[in-house]
Amino acid sequence: MDAMEPEPLQPEVLDEDGDVDMHAETNASFSWARDAPPVQGAFRLRCGHTYHMTCLRTWFQQKTRCPSCQQEFGKVVGKQPRLGTFSWHCENFTLPGHPDAVKTIVIQFMFPEGIDDEGKSYAGRKPKGYLPCNAQGIILLELFKVAFRRRVMFGMGESMTFSSYRPTFNIHIKTSSSGGETKHGYPDETYFQRSLRELKANGVILLTHLHGDHCYGLFGLLQTAALEGRKDPLLIVGPQGLRTMVETVLLSSGGWYSEESFQINYLEIPNTGTPGGESLVGPFGSGPRGLGFHPDRCRHAAAVQLGVLAGLRIQAVPLVHGLPDWGYVLTEPDRPGKLNAAKALELGIPAKSRMLGQLKQGQTVRLDDGSMVSPAQVLGPTIPGRTVAILQDTSDASAAIEPCRGAACVVHEATFEDGMETEAIGKGHSTSTMAARFAASCQA
């Protein structure tokens, strides 16, 4: 479907805003003074979470993010080469195992030969990858972009095939369009789930609403993460009543002991949207039991600003359904403009110099002759962060129109086929035409 096709990206020099190490582990523990005001021995981070000073100092010796919401307070980067490009386009063929995707996303990475952070020379590489042009493929593409910018998509290692030291995949990429799993191609039924595990959760789960088909899988996920040795805290975001539901189920199944697994924190979005506001359900809510947000109140409701979670600015927007339901609009941070390599060379910066990366990070550099080169001399206009929206189970997403305006990707449910609009609305869902109308209204 054309509406699902991602916009092509022109190749750009890798920016170095790395702020996550997907393989980092820590044994540090902490004590959370939840909702406590700053008192002696406690410290409130700028994200609003408060901790005991001693625990926080120990935590920040090994981690650079808030233990609860994962907001970064420093930068930890991977070992991917500092210079490289990542571009993609769509081609008109279908990958085996994905008959729903009439197009295929073709990804091209390019790393010129160079010198790594430890001063070791490496060979260049130009691998190609394939993703289905459907919801799963677009989600992975967006995550791959983040991993590439944070320099964790690739590592550095010896290639047994080519007998050379060069960039190697940290996250599995399908480098063939066919041949199955053993040939690094399709079909591969578990590729999406495996890729998500490799990308690693950044510590935040977003739940739209509490109907069982959208949240019951959470409990198996929590147990699996604990069994696989997760120690980092996890933040679960969702509608009012989330914490009661999760803790009741965990208590009934034997309890949850964070010292044996990991800390679970909660961020509940009140039915008022903002504290002290008017209930979005009202006296006559939507759905057969009147439990969902009222359409009129949703249409005039402002998006709830959840702040920066896992490196993304997240807004929650109320959706009309049979229960309180929230859609999520995620926006990347703005990035430095494209590096003009030719201009940098003209100013006296060698093609493979580390100063290129420093300029990309916004630092002014000094040349051997003592002259200075500033980022403004070699960088183009700032690149706005892309926006992705997840709008599940709704018959009316009007509140999301402005937050989604110009979004790179909108995932909007379409449970019913065209011609069944009356039935869809009665059950709090949408048809394919309703989803298309929404996409057109926000110019996504």
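Quick look at the numbers
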{"quantity": "Residue in region 331-343 that is polar (S, T, N, Q) and within 22 Å of residue 385 (Cα to Cα) present", "calculated": "yes"}
{"quantity": "Any hit, region 141-162, residues being touching a residue at least 12 places away in the same chain (Cβ under 8 Å), surrounded by 19 or more Cβ atoms within 10 Å (Cβ to Cβ), under 27 Å from residue 383 (Cβ atoms) and over 18 Å from the mean Cα position of the chain (by Cα)", "calculated": "no"}
{"quantity": "Hits in region 176-210 - residues which are modelled with pLDDT of 90 or more and closer than 19 Å to residue 268 by Cα", "calculated": "206, 207, 208, 209, 210"}
{"quantity": "Filter result (of a type in the set (A, V, I, L, M, F, W, C) and out of contact with any helix residue (DSSP H, G or I) (no Cβ under 7 Å at 6 or more places or on another chain)) within region 320-335", "calculated": "323, 326, 330"}
{"quantity": "Enumeration of residues in region 80-108 that are of a type in the set (A, V, I, L, M, F, W, C) and in a loop (DSSP other than H, G, I, E, B)", "calculated": "83, 93, 95, 101, 102"}
{"quantity": "Filter pass, residue 68 being within 26 Å of the chain's Cα centre (by Cα), polar (S, T, N, Q) and at pLDDT 65 or above", "calculated": "yes"}
{"quantity": "Some residue of region 293-309 being in contact with a His (Cβ under 7 Å, 6 or more places away or on another chain) and over 19 Å from residue 392 (Cα atoms)", "calculated": "no"}
{"quantity": "Every residue from region 389-411 that is crowded, with 20+ Cβ neighbours inside 10 Å, within 18 Å of residue 238 (Cα to Cα) and not polar (S, T, N, Q)", "calculated": "389, 391, 393, 397, 399, 400"}
{"quantity": "Those residues of region 162-181 which are hydrophobic (A, V, I, L, M, F, W, C) and in contact with a helix residue (DSSP H, G or I) (Cβ under 7 Å, 6 or more places away or on another chain), in sequence order", "calculated": "171"}
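To keep it simple, each residue is scored yes or no on (1) assigned to a loop (DSSP other than H, G, I, E, B); (2) modelled with pLDDT of 85 or more; (3) more than 28 Å from the chain's Cα centre (by Cα).
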position	(1), (2), (3)
229	yes, no, no
236	no, yes, no
244	no, yes, no
267	no, yes, no
277	yes, no, yes
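The values are calculated or read from the model by the stated rules, or taken from the named source; none is laboratory data. Quantities reported herein were computed from a predicted structural model and do not represent experimental measurements. Using ideal geometry, Cβ is built from the backbone for each residue, glycine included, and neighbour counts are taken over all protein chains shown.
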